[in-house]
Amino acid sequence: ILNVEQSPQSLHVQEGDSTNFTCSFPSSNFYALHWYRWETAKSPEALFVMTLNGDEKKKGRISATLNTKEGYSYLYIKGSQPEDSATYLCAQPGAGSYQLTFGKGTKLSVIP
Amino acid sequence: NAGVTQTPKFRVLKTGQSMTLLCAQDMNHEYMYWYRQDPGMGLRLIHYSVGEGTTAKGEVPDGYNVSRLKKQNFLLGLESAAPSQTSVYFCASRTGSTEAFFGQGTRLTVV
């Protein structure tokens, strides 16, 4: 079982603020890194699948970077809106990409 | 385009009863997963399957069994439910190179 860690556990920001959080993972035998957005009472939905060191992905106001050599990824949200309130999960496929291990998530609350 | 469908959505069991949760996907995905979600614990992997007829244990497999007789279906069984198995269960599927697609979850309460 891979050890995928996320920080902080929770975050409260004001509407309009930009924010970022971290996913740390084992750098050895890296295959891919996933980011998901999980709204309350819904199912997780994928944001990004990242595979290459130095990868940067963007979807609207949300972007992510990847450093496979040091084993971390950052998720950035620019100009947070109340609808961005959700738990953000990262996940890493295991050896042979079979298992998919999730971090415990960062719960973001955007205050209007 | 149904994606991943879980049945049932809600269930209340008495301690010691058994039940089966069904996950069905229509995307021809090889890999399927069962997770449980508990407060403060995130998503923990119970069992997974990398293809029809194959299953493997995840992080928290005790008290659960699984079967994948057909590629599109992944069943999670509780033989003798315990209150500690009260949780929300999510099924997910993917191919080796894609993100996971999740079902809508099953809320199970064991009393």
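The values are calculated or read from the model by the stated rules, or taken from the named source; none is laboratory data. Quick caveat: nothing in here was measured; it's all calculated off a predicted structure. Positions of Cβ are generated from backbone atoms using ideal geometry, with glycine treated the same way; all protein chains shown enter the neighbour counts.
Annotations
- The set of residues in the stretch B:1-34 that are of a type in the set (Phe, Trp, Tyr) and closer than 11 Å to B:Ser93 by Cα comprises B:Tyr31, B:Tyr33, B:Trp34.
- Looking at A:Ser7, A:Ser24, A:Ser80, just one residue is away from chain B (no Cβ under 12 Å) and within 23 Å of B:Ala92 (Cα to Cα), and that residue is A:Ser24.
- Residues located in the stretch A:28-59, provided they are within 20 Å of B:Ser97 (Cβ to Cβ), touching a strand residue (DSSP E or B) at 6+ places or on another chain (Cβ under 9 Å) and assigned to a loop (DSSP other than H, G, I, E, B): A:Phe30, A:Tyr31, A:Ala32, A:Pro44, A:Thr51, A:Leu52, A:Asn53, A:Gly54, A:Asp55
- Residue count for the stretch A:28-50 under the criterion of being out of contact with any helix residue (DSSP H, G or I) (no Cβ under 9 Å at 6 or more places or on another chain) and exposed (fewer than 13 other Cβ atoms within 10 Å of the Cβ): the result is 4.
- For the stretch A:94-112, filtered to residues that are of a type in the set (Gly, Ala, Ser) and out of contact with any Asp or Glu (no Cβ under 9 Å at 6 or more places or on another chain), the residue that is farthest from the other protein chains (Cβ to nearest Cβ) is A:Ser109.
- Criterion (in a strand (DSSP E or B) and within 10 Å of chain B (Cβ to nearest Cβ)) met by exactly one of A:Ala64, A:Ala91: A:Ala91
- Of everything listed in (1) surrounded by fewer than 19 Cβ atoms within 10 Å (Cβ to Cβ); (2) β-branched (Val, Ile, Thr); (3) farther than 20 Å from B:Met41 by Cβ; (4) touching a residue at least 12 places away in the same chain (Cβ under 8 Å), the single unmet condition for A:Thr22 is (3).
- Residue count for the stretch B:19-37, restricted to those that are closer than 13 Å to B:Gly103 by Cβ and part of a loop (DSSP other than H, G, I, E, B): 3
- Applying a threshold of 7 Å to beta carbon distances and a minimum spacing of six or more residues, or different chains, the list of pairs starting in the stretch B:84-105 at a residue that is farther than 17 Å from B:Arg36 by Cβ and ending at one that is among the hydrophobic types (A, V, I, L, M, F, W, C) and in a loop (DSSP other than H, G, I, E, B) reads B:Arg94/B:Ala100; B:Phe101/B:Met27.
- Where strands (runs of 3 or more DSSP E) sit wholly within the stretch B:67-111, those with at least 3 residues that are under 11 Å from the mean Cα position of the chain (by Cα) and under 30 Å from A:Ala32 (Cα atoms) occupy B:73-78, B:87-94.
- Unmet criterion (only one of (1) exposed (fewer than 14 other Cβ atoms within 10 Å of the Cβ); (2) of a type outside the set (Ser, Thr, Tyr); (3) within 10 Å of another protein chain (Cβ to nearest Cβ); (4) part of a strand (DSSP E or B)) for B:Gly40: (4)
- Filtering the stretch A:27-42 to residues that are modelled with pLDDT of 95 or more and within 10 Å of chain B (Cβ to nearest Cβ) leaves A:His34, A:Trp35, A:Tyr36, A:Trp38.
- The number of residues in the stretch A:73-83 that are crowded, with 21+ Cβ neighbours inside 10 Å and either in a helix (DSSP H, G or I) or of a type in the set (Val, Ile, Thr) (or both) comes to 1.
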